[in-house]
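The values are calculated or read from the model by the stated rules, or taken from the named source; none is laboratory data. On a predicted model such as this, the values are computed, not experimentally measured, just so you know. Positions of Cβ are generated from backbone atoms using ideal geometry, with glycine treated the same way; all protein chains shown enter the neighbour counts.
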Amino acid sequence: MTNKIYYLATCSTCRKIIKSLPNSDKLIFIDIRENPIKEKDLEELYQLSGSYEALFSKKAQLYKAMDLKNKNLTEQDYKKYLLEHYTFLSRPVFIIDDKIFIGNGQKNILDVVKALS
């Protein structure tokens, strides 16, 4: 499996994280706006994370705009929304040596840096 980062080039948080990474040349960069996530890739992320909900960003403006927090979403709903619009992917998502790292939490990014070092 190749080391990858799914990110949004227009996201300042993603850009800041990418700048702080050691050995980022070992990653394949996938801008999810330019290259929307395909079902095959989402399945790979699902296999590593164990859940579509874990990959789903409840901070997305579209999540609030669509009032999804007041709906009972199933794993299939999360999958459908992740495939429909890039903004629902919690970013960045890293796959490094068959491990997945989801989101921009400080501990998560420290773990990513460690994994890349």
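Applying a threshold of 6 Å to beta carbon distances and a minimum spacing of six or more residues, or different chains, the list of pairs starting in the range 9-20 at a residue that is under 18 Å from N35 (Cα atoms) and ending at one that is of a type in the set (F, W, Y) reads C14/Y7.
Looking only at the range 60-91, count how many residues are basic (K, R), free of Cβ contacts under 8 Å to residues at least 24 places away in the same chain and surrounded by 11 or more Cβ atoms within 10 Å (Cβ to Cβ). So that I can check it myself, show each step before the final result.
First, pick out the residues of the range 60-91 that are basic (K, R): 64, 69, 71, 79-80, 91.
Then drop every residue that is not free of Cβ contacts under 8 Å to residues at least 24 places away in the same chain, which leaves 64, 69, 71, 80.
From what's left, surrounded by 11 or more Cβ atoms within 10 Å (Cβ to Cβ): 64, 80.
So the count comes out to 2.
Residue pairs whose Cβ atoms lie under 7 Å apart, sitting 6 or more positions apart in sequence or on different chains, and linking a residue in the range 26-51 that is over 14 Å from R91 (Cα atoms) to a partner that is part of a helix (DSSP H, G or I) and not hydrophobic (A, V, I, L, M, F, W, C), are Y46/Y52; S51/E75.
Pick from T87, T2: which is under 10 Å from the mean Cα position of the chain (by Cα) and at pLDDT below 95? Step by step, each of T87, T2 is checked, and only T87 is under 10 Å from the mean Cα position of the chain (by Cα) and at pLDDT below 95. Considering the range 43-65, and only residues there that are at pLDDT below 95 and aliphatic (A, V, I, L, M), the residue that is nearest to I5 (Cα to Cα) turns out to be A60.
Applying the condition of being outside any strand (DSSP E or B) and of a type in the set (S, T, Y) to the range 1-11 and asking which residue is nearest to L42 (Cα to Cα) yields T2.
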